[in-house]
Amino acid sequence: MSAAATSGEIQTVVAARALAGAGSCFIGVGRPSTAAILARAVVNPELVLVYESGTIGAKPQRVPLSIGDGELAATADAVVGVIEMFNYWIQPGRIDVAFLGAAQVDRYANLNSTVIGQYDAPRTRLPGAGGAPEIAAGCDRVVVIAPHTPRTFVEQLDFRTTVGHGDGPGARERLGFRGGGPVAVITDLGVLEPDPETRELTLVQIHAGVEPGAVQDATGWRLRIAPELRVTEPPTDTELGALRELVARG
Amino acid sequence: MSAAATSGEIQTVVAARALAGAGSCFIGVGRPSTAAILARAVVNPELVLVYESGTIGAKPQRVPLSIGDGELAATADAVVGVIEMFNYWIQPGRIDVAFLGAAQVDRYANLNSTVIGQYDAPRTRLPGAGGAPEIAAGCDRVVVIAPHTPRTFVEQLDFRTTVGHGDGPGARERLGFRGGGPVAVITDLGVLEPDPETRELTLVQIHAGVEPGAVQDATGWRLRIAPELRVTEPPTDTELGALRELVARG
Amino acid sequence: MADIVELPEAVAALVADGDRVAMEGFTHLIPFAAGHEVLRQGRRDLELIRMTPDLLYDQLIGMGCARKLVFSYGGNPGVGSLHRFRDAVEHGWPAPLELEEHSHAGMANRYAAGASDLPFAILRGYAGTDLPAHAQVAVVTCPFTGEELAAVPALNPDVTIVHAQEADRRGNVQLWGIPGVQKEAVLAASRSLVTVERVVDELVPRPGAVVIPGWVVDAVSVAPGGAFPSYAHGVTERDNDFYKQWDVISRKREDFTAWMEEHVLRASAKAGA
Amino acid sequence: MADIVELPEAVAALVADGDRVAMEGFTHLIPFAAGHEVLRQGRRDLELIRMTPDLLYDQLIGMGCARKLVFSYGGNPGVGSLHRFRDAVEHGWPAPLELEEHSHAGMANRYAAGASDLPFAILRGYAGTDLPAHAQVAVVTCPFTGEELAAVPALNPDVTIVHAQEADRRGNVQLWGIPGVQKEAVLAASRSLVTVERVVDELVPRPGAVVIPGWVVDAVSVAPGGAFPSYAHGVTERDNDFYKQWDVISRKREDFTAWMEEHVLRASAKAGA
């Protein structure tokens, strides 16, 4: 009997489950990468992993530190240049799911990964956009993975790096986006989904032992909560075992 | 002592000589291809041969029937796709010399390879542009290789497929072309070059035994003739031997 | 993941009358076997798209399958004319043929725009020529420099058909040698069919290879020698003599028709003719 | 045909104060040895161009070589912040740093336009974000569909520096593994320098290889291990521990400066540090 799952482990397992049935997934480094590799191990062995670095169908056995790790190219079905990756694969919406992280998330799942404070007088300068704006616009659906804190879930982004659902219904259509946008925000406390009408993020699922009030306290705006709140199925021994083995290998 | 050179052989040898000192040459099939391969054998062993099919630095030992012959890809320094060939190599003017043929040539070395007669009611439908328009616009200089007959050297093109010097001085600049355009038209009778001022093709060189009057008779417009007409150096035994060996291999 | 199916089945499922069909392969890997199956199934009213129509489209045009041709070079490479193409354009035999004519640079960039899901592509092209009168070419101005450039509309065929050396059992395709525009033509199309020389358990990476993942291909069919008289680099040789013979076979309407009857219509897909 | 010369000689000949310099390599084949030589030669006032500044530009920025940074992702991949980049942007140490900030898609297409000698590129990008306020992004309308798309200006560096596995004696370069945007960055630049792990008599074609003909490269210099702590696929390994250590080394100004003094300024090009 293995030790109880940490909230971070639960977050990763829930993210992996979100890839059941997906054909392809676009991922960066960190927790999203761990979740996608876990998904291939436990729920979707045929899942095609696509990395910004140009590796299509990579089959890593360990969690890469960088999207450029040699193992990704060595195990990929195809390796393409960055220009082809964005123009032929992301822009036309060939990828089913994109996993994205961010430093700030607002109620419409718009994301900031550029700067905290003013752009010209930053309190904290973040790495910047990378591929996120076009990935979020082009991929069929987006899953955001972020730690649930008031610093992350904010009323107002300091900088809009990436459009989720913009200012609500019809925003993505007006911008001519190919993809449908965020379908879930998976945190260490639970899962938020955009309301079908208003597009506003709504708490629909909480991890075992988490109180809805705690989620509200960790959210920087008046959080909408679904009438029937699902409780996260705890990670199975298989899921947890595979995750811990994967992390240990890393 | 080998048999005397035919007018076609002289034309090919003169074309090969035109590649002395060139870094790279863009070529199609037929006589231009023979001349460029001959140039590598006799005047410019380092010449980089570039074919539309994407082979850069091909080193054929025989004259290919098609620009897609396997030997070209097998001996090339690099093989690229057609899109890259036109966008990264031809458009920026990286190629020094382009050899082009045509069914009709006018006094400004504009070319027709599309149709004889009206486009919608053609007397003879020709293959069409292929890469010629952009090759002639982008390459540093163009050498036209054509049989010298009144049907080829015409007062008025039935269709302008490819721009040489347009309607005269400044035409290429107005069109924003990167390359300088035609520097010579090499025929089986002699060599025409654009006048430095007027850009009109002028007979500057005749092959041994050819009368200037015969060249005028084979030209569909009142041909300008240079005051001092050069006479073509006859092919050397080396040139002729190499050419005949190359053709025999074909 | 592409289905690996018999060629007749694949063509029946993917090619319909009136379709805009691209069969690509720039002087190499030309999908003759698949094109001949399209002929045997009697497809009509097709808009045929191909940079270099070559013998394959000369045959389809001569047999009356085509309503329109979108192209940039309609010759028999190194030999001369495509007689059936000329007969259709010059005399409307066996049927009138509408032409949409571009340069290679224009066609190549149109495929790139199609594969990129962009409505158009920009290039330095067509300037000063008579081509724009017979092709969709517009002018766009650079918003930064004010410079004017040519714009051509994206090409997005209903179906693209290409030939490659090999595929694995999941339909991942590998081709090598002259790569042409096949990858872009497949990615630009709504549907795609790839014929291959062979199916292998595992694709061994090759120098200069282009790999097309099976999940962007609809069907893969095995057609050994399926590029004849074109070739599959490293597997078969280009039959230059056949390209020369075609000049004779195709010159007269009746000779052409008889040859097609015997060598294509009465042949089976298996024969790969 | 590229000259094969010593790295200090090549850098002295090709990189000048005030240049717009691109050192590319997308998480792979990052030209650290060449960048360190630029540092040792005391180049100043540089406009540094790179999609992912990575540790290399963190070092150049921290040492005060840069006037401006053109980029799309300024992090330590998988580790976190680039502290010297942050210090320059947040506190102007050691000097203020002007930013020109794009997305990866925008930067990649800017290089492609530069390599194609086009003044701009079009893409579906930037829409609805705050990026256009801080980058040159315009809107162009499709002349065929009326659709609006983003336009970004071409990138044409004064000099591009990349690292590759090998070159032959005529300066033809072969690189393989993750190809990034190096070929486009070289073709887009006025001058180019390629450092290589080794020079070979003949380039043996490799699966997935990109070949850059020597006649479009100005200089090739041998720098074994010249990508450290990045790597050259099949030759060296990425030093992930160093990327983690850099988070500590670079956090404090004095620690950073001392480390650079000892490991870069006092080292020689030969050491490949």
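The values are calculated or read from the model by the stated rules, or taken from the named source; none is laboratory data. Just so it is clear, the structure is predicted and the values come from calculations on it, not from any experiment. So basically every Cβ, Gly included, is an ideal-geometry build from the backbone, and we count neighbours across all protein chains shown.
Residue B:120 falls short on exactly one of the conditions (1) in a loop (DSSP other than H, G, I, E, B); (2) under 19 Å from the mean Cα position of the chain (by Cα), and that condition is (2). Just one of (1) within 11 Å of chain A (Cβ to nearest Cβ); (2) modelled with pLDDT under 95 fails for residue D:136. It is (1).
Taken as a whole, the condition of being of a type in the set (Val, Ile, Thr) and surrounded by 20 or more Cβ atoms within 10 Å (Cβ to Cβ) does not apply to residue D:139.
Considering region C:180-269, the qualifying strands (runs of 3 or more DSSP E), each wholly inside and each with 3 or more residues that are more than 14 Å from chain D (Cβ to nearest Cβ) and buried (at least 21 other Cβ atoms within 10 Å of the Cβ), run over C:191-200, C:219-222.
Scanning region B:166-190 for residues that are within 13 Å of another protein chain (Cβ to nearest Cβ) and either assigned to a loop (DSSP other than H, G, I, E, B) or exposed (fewer than 15 other Cβ atoms within 10 Å of the Cβ) (or both) yields B:166, B:167, B:168, B:170, B:173, B:174, B:175, B:176, B:177, B:178, B:179, B:181.
Among the residues of region D:111-143, how many are closer than 24 Å to residue D:22 by Cβ and part of a strand (DSSP E or B)? Adding up the residues that qualify gives 5. Against the criterion of being of a type outside the set (Phe, Trp, Tyr), assigned to a loop (DSSP other than H, G, I, E, B), closer than 23 Å to residue C:45 by Cα and modelled with pLDDT of 95 or more, residue C:95 qualifies. When A:109, A:129, A:137, A:102 are checked against the criterion of being among the small types (Gly, Ala, Ser), in a loop (DSSP other than H, G, I, E, B) and within 7 Å of another protein chain (Cβ to nearest Cβ), A:129 stands alone in meeting it. For region B:191-214, taking the residues that are touching a residue at least 40 places away in the same chain (Cβ under 8 Å) and more than 21 Å from residue B:5 (Cα to Cα), the one that is surrounded by the fewest Cβ atoms within 10 Å (Cβ to Cβ) is identified as B:200.
Does region A:180-188 contain at least one residue that is more than 17 Å from the chain's Cα centre (by Cα) and more than 30 Å from residue C:116 (Cβ to Cβ)? Within region A:180-188 (the criterion being more than 17 Å from the chain's Cα centre (by Cα) and more than 30 Å from residue C:116 (Cβ to Cβ)), the answer is no, since none of the residues qualifies. Just checking, does region B:228-240 include any residue being touching a His at 6+ places or on another chain (Cβ under 8 Å) and in contact (Cβ under 8 Å) with a residue 40 or more places away in the chain? Yes, region B:228-240 has at least one match.
With respect to (1) of a type outside the set (S, T, N, Q); (2) surrounded by fewer than 24 Cβ atoms within 10 Å (Cβ to Cβ); (3) under 30 Å from residue A:178 (Cα atoms); (4) more than 8 Å from every other protein chain (Cβ to nearest Cβ), the lone exception for residue D:128 is condition (4). What do you reckon, is residue D:92 at the interface with another protein chain (Cβ under 9 Å from one of its Cβ atoms), over 23 Å from residue B:93 (Cα atoms) and either surrounded by 22 or more Cβ atoms within 10 Å (Cβ to Cβ) or over 18 Å from the mean Cα position of the chain (by Cα) (or both)? No; evaluated as a whole, the condition is false for this residue. Residue count for region A:113-142 satisfying the condition of being surrounded by 24 or more Cβ atoms within 10 Å (Cβ to Cβ) and within 20 Å of residue A:182 (Cα to Cα): 14. Condition check for residue A:80 on (1) within 7 Å of chain D (Cβ to nearest Cβ); (2) over 19 Å from the mean Cα position of the chain (by Cα): one failure, at (1). Which of the residues belonging to region A:223-249 are surrounded by fewer than 13 Cβ atoms within 10 Å (Cβ to Cβ) and either touching a helix residue (DSSP H, G or I) at 6+ places or on another chain (Cβ under 8 Å) or among the hydroxyl-bearing types (Ser, Thr, Tyr) (or both)? Within region A:223-249, A:236, A:238 qualify. Name every residue in region D:56-109 that is hydroxyl-bearing (Ser, Thr, Tyr) and within 15 Å of residue A:125 (Cα to Cα), in order of residue number. Result: D:72, D:73, D:81.
The residue that is surrounded by the most Cβ atoms within 10 Å (Cβ to Cβ), among those in region C:95-122 that are more than 7 Å from every other protein chain (Cβ to nearest Cβ) and over 20 Å from the mean Cα position of the chain (by Cα), is C:121.
When region D:144-167 is filtered for residues that are farther than 20 Å from residue D:22 by Cα and in a loop (DSSP other than H, G, I, E, B), the ones remaining, listed by number, are D:144, D:145, D:146, D:147. Residue A:96 passes every criterion in (1) buried (at least 23 other Cβ atoms within 10 Å of the Cβ); (2) away from chain D (no Cβ under 11 Å) apart from (1). If you go through region C:67-86 and keep only what is in a loop (DSSP other than H, G, I, E, B), crowded, with 23+ Cβ neighbours inside 10 Å and either more than 7 Å from every other protein chain (Cβ to nearest Cβ) or over 14 Å from the mean Cα position of the chain (by Cα) (or both), you end up with C:77, C:82.
Of all residues in region B:21-36, exactly one satisfies the criterion of being more than 18 Å from residue B:11 (Cα to Cα) and out of contact with any helix residue (DSSP H, G or I) (no Cβ under 9 Å at 6 or more places or on another chain), namely B:21. Within the option set B:184, B:171, B:136, B:146, being in contact (Cβ under 8 Å) with a residue 24 or more places away in the chain and in contact with an Asp or Glu (Cβ under 6 Å, 6 or more places away or on another chain) holds for one residue only, B:184.
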